[in-house]
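Inspection log for the structure reproduced underneath, given as structure tokens.
The values are calculated or read from the model by the stated rules, or taken from the named source; none is laboratory data. The structure presented is a predicted model; accordingly, all values stated were derived computationally and were not measured. Quick reminder, even Gly has a Cβ in these numbers, built from the backbone with ideal geometry, and neighbours come from all protein chains shown.
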Amino acid sequence: MKHWNRIRKGFAALLSVGMLLSLGACGGSSVQNDEKNSLEKVKDSGKLILGLDATFEPMGYTDENDQIVGFDIDLAEEVCKRMGVELVKQPINWDTKEESLNAGNIDCIWNGMSVNPARAESMNLSEPYMTNKMVFVVPAKSEAKSMDDLKTAKIGVQNGSTAQEILEASEIGSTITVQALATNVEALQQMDLELVDAVFMDSVVAEYKITADAKDWLILPDGLQEESYAIGFRKADQELRDEVQRILSEMKADGTVAKISTEWFGDDVTCIPDPKS
């Protein structure tokens with residue numbers, strides 16, 4: 001297993017990967033202002049442009065060979081193969097991801113993107129395919145043992161993320177100092193430099209970084225909220241959204257999704273059955 005050799009077995013048990021890949025559609029209009037719909041445009045161009053924050057391990061990130069890889073990337077590569085198009089991986093500014101999508105610079109946002117009401121309103125989302133918990137990461141030498149110990153701390157968080165929204169709206173949000181940074185990687189670097197006391201982030205990223213990079217960090221036992229990951233499309237791009245959803249459901253049914261999950265997370269990942277199965 002090409003990626004699992006880097007990660008200890010215990011990591012996967014902390015994740016709950018919910019493959020809720022159904023054929024159902026999210027809202028959004030199928031009417032396009034142009035003559036061709038979104039799916040036709042992608043097939044005619046022969047390319048699907050995927051927007052991502054290329055530092056978001058292990059979902060989609062730049063590796064030591066300067067290649068963009070990840071769990072989401074492997075899923076997307078297989079989807080594109082079955083669609084008969086090339087996957088183009090386009091790094092974007094996560095804080096302005098909706099603008100990049102609506103401007104037509106990318107065809108979708110597929111990078112461990114958490115579902116929230118604002119995103120459901122502004123984008124045409126796929127069915128959720130993975131669950132994730134928001135957690136606090138601290139240095140091993142930190143005196144903080146729970147969230148209560150962080151009430152006056154300086155906490156790093158990725159700018160424009162749902163983690164930032166959740167943290168600022170939380171009970172401790174009014175007593176802490178929130179340090180918004182461009183990426184989770186930068187936030188963790190700031191913690192190593194003792195410029196922030198903790199980082200609030202996705203457990204899937206935190207666990208991967210701790211195990212893959214052998215970091216001396218701890219995850220506090222109490223977090224704030226569970227979330228689901230989904231793929232974001234433009235509101236009008238119903239045909240493209242539905243075709244990607246259809247292929248993902250097909251991949252789940254034939255075991256491809258489970259195979260890719262095992263390569264990244266090991267054998268302990270728990271898949272939630274498709275509602276229609």
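If the condition is being exposed (fewer than 14 other Cβ atoms within 10 Å of the Cβ) and either of a type in the set (A, V, I, L, M, F, W, C) or within 16 Å of the chain's Cα centre (by Cα) (or both), then the range 118-144 contributes Ala118, Ala140.
Taking residues in the range 75-96 that are among the aromatic types (Phe, Trp, Tyr), and partners anywhere that are in a loop (DSSP other than H, G, I, E, B), the pairs with Cβ atoms closer than 6 Å and at least 6 places apart or on different chains are Trp94/Asp53; Trp94/Gly160.
When we screen Val79, Val138 for residues that are touching a strand residue (DSSP E or B) at 6+ places or on another chain (Cβ under 7 Å) and among the aliphatic types (A, V, I, L, M), the only hit is Val138. The residues of the range 161-181 that are part of a helix (DSSP H, G or I) and among the aliphatic types (A, V, I, L, M), listed by number, are Ala163, Ile166, Leu167, Ala169, Ile172.
Conditions tested, residue by residue: (1) touching an Asp or Glu at 6+ places or on another chain (Cβ under 6 Å); (2) in the same structural domain as Ser161 (by TED's automatic domain parsing); (3) at pLDDT 90 or above; (4) more than 15 Å from Asn111 (Cα to Cα).
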| position | (1), (2), (3), (4) |
| --- | --- |
| Leu188 | no, yes, yes, yes |
| Leu195 | no, yes, yes, yes |
| Asp222 | no, yes, no, yes |
| Arg234 | no, no, yes, yes |
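Pairs under 9 Å by beta carbon, first residue without any contact (Cβ under 8 Å) to a residue 60 or more places away in the chain and among the hydroxyl-bearing types (Ser, Thr, Tyr) in the range 110-121, partner in a helix (DSSP H, G or I) and surrounded by 17 or more Cβ atoms within 10 Å (Cβ to Cβ), six or more apart or different chains? That search, which allows pairs on different chains as well, returns nothing. Candidates are the residues of the range 55-68 that are surrounded by fewer than 21 Cβ atoms within 10 Å (Cβ to Cβ) and within 24 Å of Gly266 (Cα to Cα); the one that is nearest to the chain's Cα centre (by Cα) is Thr55. Within the range 40-52, the set of residues being of a type outside the set (Val, Ile, Thr) and in a strand (DSSP E or B) comprises Lys47, Leu48, Leu50, Gly51, Leu52.
The helices (runs of 4 or more DSSP H) located wholly in the range 53-153 that include 1 or more residues which are closer than 24 Å to Ala214 by Cα and in the same structural domain as Glu239 (by TED's automatic domain parsing) occupy 71-83.
Taking first residues from the range 151-167 that are charged (D, E, K, R) and partners that are in a strand (DSSP E or B), the Cβ contacts under 9 Å between residues at least 6 apart in sequence or on separate chains come to Lys154/Thr177; Lys154/Val178; Lys154/Gln179; Lys154/Ala198. A count restricted to the range 45-64 and to residues that are modelled with pLDDT under 95 and over 19 Å from Ser161 (Cβ atoms) stands at 2.
Selection of first residues in the range 221-245 that are closer than 15 Å to Ala163 by Cβ and of a type in the set (Phe, Trp, Tyr) and of second residues that are outside any strand (DSSP E or B) and at pLDDT below 95, restricted to Cβ pairs under 9 Å at least 6 apart or on distinct chains, gives the following pairs, ordered by first then second residue: Tyr229/Gly18; Tyr229/Met59; Tyr229/Val115; Tyr229/Pro128; Tyr229/Tyr129; Tyr229/Val204. Filtering the range 181-197 to residues that are in contact with a strand residue (DSSP E or B) (Cβ under 6 Å, 6 or more places away or on another chain) and more than 19 Å from Asp148 (Cα to Cα) leaves Leu181, Thr183, Asn184, Val185, Ala187, Leu188, Gln190. Tell me, yes or no, whether the range 85-95 has at least one residue that is under 17 Å from Ala230 (Cα atoms) and crowded, with 24+ Cβ neighbours inside 10 Å. No, because not a single residue in the range 85-95 is under 17 Å from Ala230 (Cα atoms) and crowded, with 24+ Cβ neighbours inside 10 Å. Restricted to the range 182-250, the set of strands (runs of 3 or more DSSP E) holding at least 2 residues that are of a type in the set (Phe, Trp, Tyr) and surrounded by 19 or more Cβ atoms within 10 Å (Cβ to Cβ) comprises 225-233.
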